[in-house]
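A.B. asks: My structure is below; once you've seen it, I'll send some questions.
The values are calculated or read from the model by the stated rules, or taken from the named source; none is laboratory data. Values in this document were obtained by computation on a predicted structure and should not be read as measured data. Cβ coordinates were reconstructed from backbone atoms using ideal geometry, including for glycine residues, and neighbour counts include every protein chain displayed. These area figures cover heavy atoms from the full protein model, side chains too; ligands, DNA and RNA do not enter into them. Shrake-Rupley method; radii C 1.70, N 1.55, O 1.52, S 1.80 Å.
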Amino acid sequence: AGKAFRKFLPLFDRVLVERCAAETVTKGGIMIPEKSQGKVLQATVVAVGSGARGKDGQIQPVSVKVGEKVLLPEYGGTKIVLEDKDYYLFRDGDILGKYVD
C-alpha cells in the first residue's frame with residue numbers, strides 16, 4: 001500500500017483514511033450477517049495534506065497525523081480505490097475526534 005500513497009497525496013486540509021474492519025463475530029461467538037453489521041465509524045489515517053490557508057494567509061496544519069485512529073461522521077467522505085483497497089477522503093474539519101492511547 002506504500003506505493004499507492006506515493007502516487008496520491010491529499011491537498012490542503014484533506015485527510016485520507018482507511019476504515020477499520022467491521023466486527024463479524026460477537027463476544028459470545030455468534031456470527032453477524034453482513035446486512036446487520038453497522039457502518040464502521042473508526043478509521044486509521046494513512047495520508048494528510050499540508051493544511052489550509054487561514055484568513056491571514058498562513059497555513060494552518062492538519063490536526064491529525066498519519067497512523068492515528070479517528071472517529072468519522074456516519075455520512076460523508078469521498079470513496080477512493082487505490083490498489084484494490086477502499087479509502088475515504090475527508091476534510092480535517094469533518095473528522096469528529098481522534099483516539100488517544
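A.B. asks: So the check is Cβ under 8 Å with 6+ separation or different chains; which pairs have a first residue in the stretch 56-76 that's more than 14 Å from Gln42 (Cα to Cα) and a second one that's exposed (fewer than 10 other Cβ atoms within 10 Å of the Cβ) and of a type outside the set (Lys, Arg)?
C.D. replies: These pairs meet every condition: Gln60/Gly54.
A.B. asks: Another question, then. Tell me which residues, restricted to the stretch 68-101, are more than 20 Å from Leu11 (Cα to Cα) and aliphatic (A, V, I, L, M).
C.D. replies: Result: Leu71, Val100.
A.B. asks: Considering only the stretch 47-101, how many residues are open to solvent by 90 Å² or more (accessible area, probe 1.4 Å) and in a loop (DSSP other than H, G, I, E, B)?
C.D. replies: Going through the stretch 47-101 one residue at a time, the tally reaches 14.
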